[in-house]
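Comments concern the structure below.
Values in this text are rule-based calculations from the coordinates and carry no lab data. Because the structure is a prediction, the values reported are computed rather than measured. Glycine also receives a Cβ, built like all others from the backbone with ideal geometry; neighbour counts cover every protein chain displayed.
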Amino acid sequence: MKSETADNILWDRYTRASQSEKATTSPALSRITFREESATKPLHHVVDAVKEEASMLALHYPKTMIVLAGRSRRMAVESLGEELGSLTSGSGSVTSTVPRTLGDVGAALALTGVNASILIFQASSSSLV
């Protein structure tokens, strides 16, 4: 619980700060876009947003966009398996190991062929020390 609260405080600090505050906190944060959105089909929305952003960036910069995505959805209320299946229906069959390995968002991005690098994160409750 303490970890989740700390995560939420940090997330709010960086996502709700003005651009000038982000720039003084870290030069890298001035190049990061944070968006909080809701959608009835979240995977479709993420894939469309990443494709749109990647194509716009490709026009102006010779760099590859990096998408950071979390792998786990612990205690999630809804399942995204059906939406993932409909999103990737043209890509052939999706085995259950792809979303289990990459998470629903990572699997949707990888299987729809977005023009971006994907970095998957997963929190761990145990220490490696």
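Below are the figures for this structure:
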read-out	value
Paramagnetic reach from ASP12 in segment 30-70 [backbone N under 20 Å; point 7 Å along Cα→Cβ]	34-38
Segment 96-107 - phi-based ³J(HN,Hα) in whole Hz, Karplus 6.51/-1.76/1.60, Gly and Pro as x	5, 6, 5, x, 5, 7, 9, x, 5, 5, x, 5
Length gained when the stretch LEU119-GLU78 is fully extended (0.36 nm per residue, less Cα-Cα span)	12.4 nm
For VAL67, distant residues with modelled amide H under 5 Å away	SER117, ILE118, LEU119
Extension gain, ALA39 back to TYR61 (0.36 nm per residue minus Cα-Cα distance, nm)	5.0 nm
